[in-house]
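I have placed the structure first, in the form of structure tokens, so that the comments after it can refer back to it.
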Amino acid sequence: MADRTIGPRYEALARFLERRVAVAALAVIVLFVLAAVFAPLLAPYDPTATSWSAIRKAPSVAHWMGTDENGRDVLSRVIFGARASLLAGAVAVAIAAGIGLPAGLLAGFARGWIDAVLSRIVDAVLACPFLILAIALAAILGPNLTNAMIAIGISSAPRFMRVARAATLEAAALEYVEAARAIGNPPWRVAVFHVLPNIVPPVLVQATLAIAAAIIAEASLSFLGLGQQPPDPSWGSMLNAAQRFLTQAPWLAVFPGLAIFLCVLSFNLVGDGLRDALDPRA
Amino acid sequence: MNAQLAGRIAQVVPTLLLVSLLVFCLQHLMPGDPAIVLAGEERGDPVVLAQIRAELWLDRPLPLQYWHWIGQIAHGDFGISWHTREPIAKLIAQKLPVTLQVGGMAFVIAVLIGVPAGIVAAVCRGKVWDYAATAAALAGLSTPNFWLGIMLILLLSVHLGWLPPSGFVPPSEDWRQSLATTIMPAFVLGNAIAAILMRHTRSAMLTAMSQDFVRTARAKGLSEMGVIVGHALRNALLPVVTLGALELGTLLSGAVLTEQVFSIPGFGKMIVDAVFNRDYPVVQGVVLVTAFLTVMLNLAADILYVVINPRLRDG
Amino acid sequence: MRRLLLAAACLMSLLTAAQAQTLRIALREDADGLDPTLARSYVGRIVFAGLCDKLFDLNEKLEIVPQLATGYEWADPVTLVLHLRQGVTFHNGEPFDATAVKYTLERHLTMQGSFRRGEIGTIDHVDIVDPATVRIVLKTPTSPLLAQLTDRAGMMLPPKATEAAGKDFAQHPICSGPFMFNERVAQDRIVLDRFPGYWDAANVHFDKVVYRPMPDSAVLMANLRANAIDLAERVLPTDVAAVKADTKLRLTTSPGLGYEGITFNIDHGDRSKAPINQNALLRQAFEAAIDRQALVEVVYAGMYQPNAQAISPASPFHVAEIPPPPRDLARAKALIKQAGVPTPIVVNINVPTTAGPTQEAEVIQAMVREAGFDLKINLIEFASSLSAAAQGNFESWLIGWSGRADPDGNLYAFLHTGTQQNDARYSNATVDAMLDQARSVSDVAARRALYAKMWQQERADLPLIYLFTPVNIVGMSAKLSGFKPVPDGMIRLQGMALAK
């Protein structure tokens, strides 16, 4: 009976690998992660090293992506900027899942008044537009990358709760789950060992898409000045400076934005691919 | 009335209460002492501070403060801005219409782009147009809207000089200039919503087109176009129509960024300025108003959905 | 018949030419409250130039010329007699006379929160001689007094309306300038309408003036080039080339009177406990790590002048023997060692969100990092940074001063014990003595010598690190005529006109 849960997973993986676009996107993500991890080795210059003689230089052999308004190498800053973005994505989603998954599991499994209360709380938090809530939280906690990650994580938690809850409701109706309950397993055991493995797929899809949203959110907060603080690079704060010098140094606006676009697009493609792979009905 | 609908309306009340509790908690977590800020020059005088605290009910127990605060909100008193000393309700009344104007244009643009694209993609499923439209939608969703705005300014304002790069002119002053200043931000704002609309329209159309009653219509001999327009489209438009209300949150979040990039004195820019002004009552007021609007609009969307969809009306 | 038509056409064109002419001015940031007694901001003064007339004004040569007062004489070293202009009314119809002058000066001296006390605090009392003559008696001889009356301290207010408005005067300011207050939307615009009863109405060629804050220089440049604004009171040096290249625009430069600097919280509340605020050696190390020349090159295309004093190098009161020291990283590190504080030393700095200061802060951050300081930038909107400083809610603050014709205007209110704009709460007996003495003397050389002694003490304590003297760069539409560049940077609307 145990191999019932293994088979579908291999099938899903096979389906995923068939979609070449999704696989390519996964490769891009791996590249970004490698760039972030090995940034000190890959970046040609120190991203915070200023050079007063090389202000706003156009892309050249010495500086492939040019230099910014303080003479810092843009390529190095883009590479190191991956750290802020990917870290924000991972940590924020970890927080969101850490809050949302148990909440959704509890609500979907226990039902009744617990479900009603949790669902209303989620409705209330979801009523605040994502970025506005994140800004308010950043205002309270103070502007820096860590607080931005916490703010994004809290703002993303409701969606996880909803997904986990919907999946739990579905899974709880499965025959073998009901059977597990019937033979006298305590509810928590059923929830953890029988329901939880089944809700992982949709939560995984949500997580991937949430990372994409978190990367854009971190870039947005940094663009507004509420995320990564200078001199540490972030793709979003680089775009803020780029806007100030749009006429004198247009290249400053191109590369960080392109990085965000590629990174987010890849996560979205992988998320879509996962969703299609894990849900054969679509 | 529909029992499901009655249930939804009943749910709104606790949600609104929880929203107000959430905002109230935010208010008390914000740094800064309101009494000291509002005392201004007299902040060293303990008598004045005590007087202000009494006026603001800050010396009462928290539940009473909450009660007082709800009463004020019900009367339209959202507090005073610490920066300008003006009533926040007045600031909101000044800035919200600007955001709604751009947002309204954005939604229109989104519908004009997204719905036809979704229809084309569904009809041409599996072929080039489908892939193109789907790819464009995904690209639109993955582009940070402030970057799109900056790129558009670079192209249309700096290079071509066709449109003003920033600022806002109200339509009452000069409708042509107003259009010129709002078309770029509206496009940028509408971009993400167009992508979402496109995907929803496409999947709704596909579902509708494969349903029994459509196959029946085809069997009866109706032309392909007749089938599409007559049945599939009408049914596919239902989720699309109600989606508009649900995307208010996306619109407002996006507006925060586009108003910053295009320097539009709207609701979104107000909250960002408030953060840099350490003007916490305004931050809190914005959160409250947007949450309230979203809840009410979601309810309106649900009611609208039931009203339009004949099959749900009888429960 | 033809002549009649021609005459009618001419009349029509005259009428259309006389149609509502609006002047749109971009400000570098949003003004604080529009109350001359309580205001502190430079851009507020620009708005006042359209809203409020003063007793005296300055011309391009920084000479004192009449405005609301037609003449003056010193009856004795402590008595100033002013002759007032006749036939002037305030925007609300109240007449301008000696009663208004006495009321306003007393308000500037006594109102709670007044920032004018440090400027005209030596006034003992004001006597009304007759409706057109006022006698001001000082406690001690004060040479800079007349210069102060060319700024906010000299802006006159209508007694009845101001008394009725009290603290809320700024919500709807009433003055006697060429334009009246219409409306103000925070962070968006300040709108003034032409005042038909202005005493110099012939010189006013606009029906409306709109001031728009644009802290973002890219937005400002874009608006200027797109003809969405007619005049930008400040163009960043990095944008000068673009303005010069545009034939539809014109540029005017004039030497500045002010400075940009870093103020440290020496003794103003809890935040003065930070290591850098407790130890002068650390501040000296901080200064030694800064390369003023590079700072000015990077952020301002080398157009501004490095300076270690509050007085512009072009001023006769500038002490040539105290030039801005070049960067000395070794000395900086040695001083930190001497102070015995472990690195990295965290320094929190409040930085206004305006374009120039944000970049200055990043450059300084990079420079001082090499010496061992970890500078944490705290972005805060300009006017809010003013109130934060007034409450002692800062550790250090990157802030400038627009400057006054008289050097006392750049020094006294900031460095003297107990003065309103001394947010650092710096107090030193030598500095106080030198500033007080310099005030009572009128000989330029003598005053400069006193200031030299003051600078020696100031540079040992460094409550304020002076960085550079800005230059006034005003960008405007080529159709705008009549702008007179005065070194104080003000936009005087009388005489300006916009060609069709």
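The values are calculated or read from the model by the stated rules, or taken from the named source; none is laboratory data. For clarity, every value in this text was computed on a predicted model and none was experimentally measured. All Cβ positions, even for glycine, are placed from backbone atoms using ideal geometry, and neighbour counts span all protein chains on display.
What number of residues within the range A:191-237 satisfy the criterion of being crowded, with 20+ Cβ neighbours inside 10 Å, more than 20 Å from the chain's Cα centre (by Cα) and farther than 30 Å from B:Gly254 by Cβ?
3
Suppose we keep only residues that are part of a loop (DSSP other than H, G, I, E, B) and surrounded by 13 or more Cβ atoms within 10 Å (Cβ to Cβ) within the range A:6-43. Which one would you say is modelled with the highest pLDDT?
Selected residue: A:Ala43.
Would you mention how many residues in the range C:177-233 are within 21 Å of C:Arg45 (Cβ to Cβ), of a type in the set (D, E, K, R) and within 14 Å of chain B (Cβ to nearest Cβ)?
Residues that pass the stated criteria total 7.
If you go through the range B:125-184 one residue at a time, how many are part of a helix (DSSP H, G or I) and farther than 30 Å from C:Met214 by Cβ?
Here the count works out to 15.
In contact (Cβ under 8 Å) with a residue 60 or more places away in the chain and not hydroxyl-bearing (Ser, Thr, Tyr): does that describe B:Ile52? Please lay out each step first, then the result.
On the way: in contact (Cβ under 8 Å) with a residue 60 or more places away in the chain: no; not hydroxyl-bearing (Ser, Thr, Tyr): yes.
Spelling it out, it is not the case that B:Ile52 is in contact (Cβ under 8 Å) with a residue 60 or more places away in the chain and not hydroxyl-bearing (Ser, Thr, Tyr).
Considering the range C:354-389 alone, what residues qualify as being more than 9 Å from every other protein chain (Cβ to nearest Cβ), surrounded by fewer than 22 Cβ atoms within 10 Å (Cβ to Cβ) and within 14 Å of A:Pro230 (Cβ to Cβ)?
C:Asp374 - this is the single residue of the range C:354-389 that is more than 9 Å from every other protein chain (Cβ to nearest Cβ), surrounded by fewer than 22 Cβ atoms within 10 Å (Cβ to Cβ) and within 14 Å of A:Pro230 (Cβ to Cβ).
Restricting attention to the range C:200-222, which residues are more than 30 Å from C:Val88 (Cα to Cα) and not in a loop (DSSP other than H, G, I, E, B)? Lay out the reasoning, then the answer.
Taking the range C:200-222 first, the residues more than 30 Å from C:Val88 (Cα to Cα) are C:213-222.
Scanning the range C:200-222 gives C:Pro213, C:Ser217, C:Ala218, C:Val219, C:Leu220, C:Met221, C:Ala222.
Take the residues in the range A:218-257 that are part of a helix (DSSP H, G or I) and among the hydroxyl-bearing types (Ser, Thr, Tyr), then tell me which one is nearest to the other protein chains (Cβ to nearest Cβ).
Per the stated criteria, the residue is A:Ser220.
Report the residue count in the range B:169-183 for those that are within 12 Å of another protein chain (Cβ to nearest Cβ) and either charged (D, E, K, R) or closer than 19 Å to A:Leu246 by Cβ (or both).
4
Tell me, which residue of the range A:129-150 that is within 15 Å of the chain's Cα centre (by Cα) and within 12 Å of chain B (Cβ to nearest Cβ) is surrounded by the most Cβ atoms within 10 Å (Cβ to Cβ)?
Per the stated criteria, the residue is A:Ala134.
What number of residues within the range C:35-72 satisfy the criterion of being assigned to a helix (DSSP H, G or I), within 26 Å of C:Thr419 (Cα to Cα) and hydrophobic (A, V, I, L, M, F, W, C)?
Count: 5.
C:Ala245 is checked against (1) within 28 Å of C:Leu295 (Cα to Cα); (2) within 22 Å of the chain's Cα centre (by Cα) and fails just one. What number does that condition carry?
(2)
Among the numbered criteria (1) within 14 Å of chain B (Cβ to nearest Cβ); (2) in a helix (DSSP H, G or I); (3) modelled with pLDDT under 90, which single criterion is violated by A:Leu106?
(1)
Taking only pairs six or more apart or across chains, which ones have beta-carbon atoms under 9 Å, a first residue in the range A:106-134 that is on the phi > 0 side of the Ramachandran plot, and a second residue that is among the hydrophobic types (A, V, I, L, M, F, W, C)?
Cβ pairs passing all conditions: A:Arg111/A:Leu169; A:Arg111/A:Ala172.
So if I check each of B:Val115, B:Val12, B:Val111, B:Val102, which one is in contact with a Leu (Cβ under 7 Å, 6 or more places away or on another chain), under 25 Å from A:Ile121 (Cα atoms), away from chain C (no Cβ under 14 Å) and in contact (Cβ under 8 Å) with a residue 60 or more places away in the chain?
Result: B:Val12 is the single residue among B:Val115, B:Val12, B:Val111, B:Val102 that is in contact with a Leu (Cβ under 7 Å, 6 or more places away or on another chain), under 25 Å from A:Ile121 (Cα atoms), away from chain C (no Cβ under 14 Å) and in contact (Cβ under 8 Å) with a residue 60 or more places away in the chain.
Within the range B:58-77, is even one residue within 14 Å of chain C (Cβ to nearest Cβ), modelled with pLDDT under 85 and in a loop (DSSP other than H, G, I, E, B)?
So far as the range B:58-77 goes, no, none of its residues is within 14 Å of chain C (Cβ to nearest Cβ), modelled with pLDDT under 85 and in a loop (DSSP other than H, G, I, E, B).
Just checking, does the range B:146-164 include any residue being among the aromatic types (Phe, Trp, Tyr) and more than 14 Å from every other protein chain (Cβ to nearest Cβ)?
No, that holds for no residue.
Exactly one of these conditions fails for A:Ala212: (1) farther than 30 Å from B:Gln260 by Cβ; (2) out of contact with any Asp or Glu (no Cβ under 9 Å at 6 or more places or on another chain); (3) in contact (Cβ under 8 Å) with a residue 24 or more places away in the chain; (4) of a type in the set (A, V, I, L, M). Give me its number.
(1)
Restricting the search to the range A:57-69, which residues are touching a residue at least 40 places away in the same chain (Cβ under 8 Å) and surrounded by 18 or more Cβ atoms within 10 Å (Cβ to Cβ)?
Within the range A:57-69, A:Met65, A:Gly66, A:Asp68, A:Glu69 qualify.
Against the condition at pLDDT below 90, over 30 Å from B:Leu21 (Cα atoms) and within 12 Å of chain A (Cβ to nearest Cβ), how does B:Ser263 come out, does it pass?
Working: at pLDDT below 90: yes; over 30 Å from B:Leu21 (Cα atoms): yes; within 12 Å of chain A (Cβ to nearest Cβ): yes.
Answer is yes for this residue.
What is the one condition in (1) at pLDDT 85 or above; (2) surrounded by 22 or more Cβ atoms within 10 Å (Cβ to Cβ) that B:Met205 does not satisfy?
(1)
Only one of (1) in a helix (DSSP H, G or I); (2) buried (at least 22 other Cβ atoms within 10 Å of the Cβ); (3) more than 10 Å from chain B (Cβ to nearest Cβ) fails for A:Asp276. Which number is that?
(2)
Yes or no, residue by residue, for (1) farther than 24 Å from B:Ala3 by Cα; (2) more than 8 Å from chain A (Cβ to nearest Cβ); (3) surrounded by 23 or more Cβ atoms within 10 Å (Cβ to Cβ); (4) modelled with pLDDT of 85 or more:
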site: B:Leu246; (1), (2), (3), (4): no, yes, no, no
site: B:Asp279; (1), (2), (3), (4): yes, yes, yes, yes
site: B:Ala291; (1), (2), (3), (4): yes, no, yes, yes
site: B:Leu299; (1), (2), (3), (4): no, yes, no, no
site: B:Leu304; (1), (2), (3), (4): no, yes, no, no
site: B:Val307; (1), (2), (3), (4): no, yes, no, no
